[in-house]
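K.L.:
I have a structure I would like to understand better, so I am pasting it below and will then ask my questions one at a time.
Quick note: the coordinates plus some simple rules give every number you see, no bench work behind them. Quick caveat, the model's predicted, so the values are computed rather than measured. Positions of Cβ are generated from backbone atoms using ideal geometry, with glycine treated the same way; all protein chains shown enter the neighbour counts.
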Amino acid sequence: MALMPIITAPDPRLKAVSKPVETVDDEIRSLMDDMLETMYAAPGIGLAAVQVGVAKRIIVMDLAKEDEPRSPLFLVNPEITWVSDHDASYEEGCLSLPEHYAEVVRPAAVKVSYQDYDGEQQELEAEGLWATCVQHEIDHLDGILFVDHLTALKRNIILRKLLKAKKQKQKEVA
Ligand code: NI
């Protein structure tokens, strides 16, 4: 397994629409293992393949608390099949927008169909933080970041700060 560099916004690669996975084979499983290790190391609770530069419809998640055993979830070609009428607001963050957080309103519960680590078709129903996280990650597969749910003003403030931080970092490396 290997850690993969996480792409941070603003970056056109994060706006790409990811392609469906045809077959969940050893290559895909190896990618999912690397993504999970990268997510744990960050640390984070969810990661989409596009965030490590692979525009394929794959996400990994683990919402276990620090004192709980790890419970990774691998979702290939996830699709939302149902959303609740009522919404919920959570403060969201993202490994691709480090150190920035904002309240985002989304459906409070969703059903998602997907293929698992072995390529088996599965369905899950999520609510609470699970529902927020899975919708946030599926957004990534369509090139959508959580800041895209904010007003243009709030989004631009965050993206400008990230760009500035990025330029600063490049200067330090140069
Ligand atoms: Ni994210």
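K.L.:
Scan region 26-37 and give yes if some residue there is crowded, with 16+ Cβ neighbours inside 10 Å, within 28 Å of Thr151 (Cα to Cα) and within 17 Å of the chain's Cα centre (by Cα), otherwise no.
P.N.:
Within region 26-37, not a single residue is crowded, with 16+ Cβ neighbours inside 10 Å, within 28 Å of Thr151 (Cα to Cα) and within 17 Å of the chain's Cα centre (by Cα).
K.L.:
Please determine, by comparing only the residues of region 70-107 that are among the hydroxyl-bearing types (Ser, Thr, Tyr), more than 27 Å from Ile28 (Cβ to Cβ) and away from the ligand (no atom under 16 Å from the Cβ), which one is surrounded by the fewest Cβ atoms within 10 Å (Cβ to Cβ). Even if it seems obvious, please write down each step before you answer.
P.N.:
As a first pass, look at region 70-107 and keep what is among the hydroxyl-bearing types (Ser, Thr, Tyr): 71, 81, 84, 89-90, 96, 101.
Remaining after also requiring more than 27 Å from Ile28 (Cβ to Cβ): 84, 89-90, 101.
Right, trim to away from the ligand (no atom under 16 Å from the Cβ) and you get 84, 89.
Details: Ser84: 15, Ser89: 11.
For region 70-107, the residue satisfying everything is Ser89.
K.L.:
Answer yes or no as to whether Asp67 is in a helix (DSSP H, G or I) and either away from the ligand (no atom under 13 Å from the Cβ) or in contact (Cβ under 8 Å) with a residue 12 or more places away in the chain (or both).
P.N.:
Numbers: in a helix (DSSP H, G or I): no; either away from the ligand (no atom under 13 Å from the Cβ) or in contact (Cβ under 8 Å) with a residue 12 or more places away in the chain (or both): yes.
No, not satisfied.
K.L.:
I would also like to ask the following. Based on this model, can you work out whether Tyr117 counts as surrounded by fewer than 21 Cβ atoms within 10 Å (Cβ to Cβ) and touching a Gly at 6+ places or on another chain (Cβ under 7 Å)?
P.N.:
Details: surrounded by fewer than 21 Cβ atoms within 10 Å (Cβ to Cβ): yes; touching a Gly at 6+ places or on another chain (Cβ under 7 Å): no.
Judged against the criteria, Tyr117 is not a match.
K.L.:
Now, a different point. Among the residues of region 131-145, how many are within 11 Å of the ligand (Cβ to nearest atom) and not in a helix (DSSP H, G or I)?
P.N.:
The qualifying residues number 2.
K.L.:
In region 100-111, what residues are assigned to a loop (DSSP other than H, G, I, E, B) and without any contact (Cβ under 8 Å) to a residue 60 or more places away in the chain? Outline the logic, then answer.
P.N.:
Initial filter on region 100-111 (assigned to a loop (DSSP other than H, G, I, E, B)): 100-101, 108.
Tyr101, Ala108 - these are the residues of region 100-111 that are assigned to a loop (DSSP other than H, G, I, E, B) and without any contact (Cβ under 8 Å) to a residue 60 or more places away in the chain.
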